[in-house]
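The values are calculated or read from the model by the stated rules, or taken from the named source; none is laboratory data. In this text, all values refer to a predicted model and were calculated from it rather than measured experimentally. In this analysis, Cβ positions are derived from the backbone assuming ideal geometry, glycine residues included, and neighbour counts consider all displayed protein chains. Note: accessible area is taken over every heavy atom of the protein model, side chains too, but ligands, DNA and RNA are not part of it. Shrake-Rupley method; radii C 1.70, N 1.55, O 1.52, S 1.80 Å.
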Amino acid sequence: MNIFRLAGDLSHLLAIILLLIKIWKTRSCAGISGKSQILFAVVYISRYLDLVTTFVSVYNTVMKLVFIVSSVATLYMMYVKFKATYDHNHDSFRIEFLLVPCFVLALLIHAAFTPLEILWTFSIYLEAVAILPQLFLVSKTGEAESITSHYLFALGSYRALYLLNWIYRYYAEGHYDLIAIFAGAIQTILYCDFFYLYITKVLKGKKLQLPA
């Protein structure tokens, strides 16, 4: 554990809290991509199956459970409780075009050919692109509410901070994971345009808009 990983975890947790608050307080899922939330749920479940085989620490276990439970709760609110407010028409990204290539890539490039390792690698690849349906939705609708923008910024910051964590671990511990670093870099790059718009518009009180 180091300051960058802790900050990344807290940023990730903040993103989830912001999303749940937005849905619960407005009683609406407007502007939120259910496709992205499905992908994130797949990421957490496939990555944290080691909960039943490996114990690292109380902190590690609690965080894994929080991510799994919160992702399932988000899907419940979007597809059951507030289903009428979910924008099916604009949230039309074909997630099979992300799921299948990521799984095939995990089968081809991994650290060890074991079920848990393949699923962990698959989750790393999938997380790198899981936000695409959300960005696609914002692009199609033309704008995003402030709280949705804050959610996306916190989510993007989490991965950027994890990149700093990996750099720190390389110099401090000599440890590195090329798969995680590569996927994390791709994920951070996908957020770059959004980061720029967030800083130049949202923080100045303007509504975020992405080009269609």
For this session: Answer yes or no as to whether PHE4 is closer than 21 Å to PHE122 by Cα, touching a Leu at 6+ places or on another chain (Cβ under 9 Å) and in a helix (DSSP H, G or I).
Result: no
For this session: Please tell me if LEU132 is over 19 Å from LEU20 (Cα atoms) and under 14 Å from the mean Cα position of the chain (by Cα).
Result: yes
Problem set entry | Those residues of region 11-41 which are in contact (Cβ under 8 Å) with a residue 40 or more places away in the chain, open to solvent by 50 Å² or more (accessible area, probe 1.4 Å) and more than 15 Å from ASP87 (Cα to Cα), in sequence order | LEU14, ILE21, TRP24
For this session: Give the number of residues within region 76-97 that are out of contact with any Ser or Thr (no Cβ under 8 Å at 6 or more places or on another chain), open to solvent by 40 Å² or more (accessible area, probe 1.4 Å) and assigned to a helix (DSSP H, G or I).
Result: 8
Exercise. Within the group ILE95, ILE118, which residue is modelled with pLDDT of 95 or more and more than 17 Å from ALA180 (Cβ to Cβ)?
Worked result: ILE95
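Between ALA112, ALA106, which is within 30 Å of ASN2 (Cβ to Cβ), open to solvent by less than 70 Å² (accessible area, probe 1.4 Å), modelled with pLDDT of 95 or more and not acidic (Asp, Glu)?
Unique residue meeting the criteria: ALA106.
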Problem set entry | Sole exception among (1) within 20 Å of LEU137 (Cβ to Cβ); (2) among the charged types (D, E, K, R); (3) surrounded by fewer than 19 Cβ atoms within 10 Å (Cβ to Cβ) for ARG5, by number | (1)
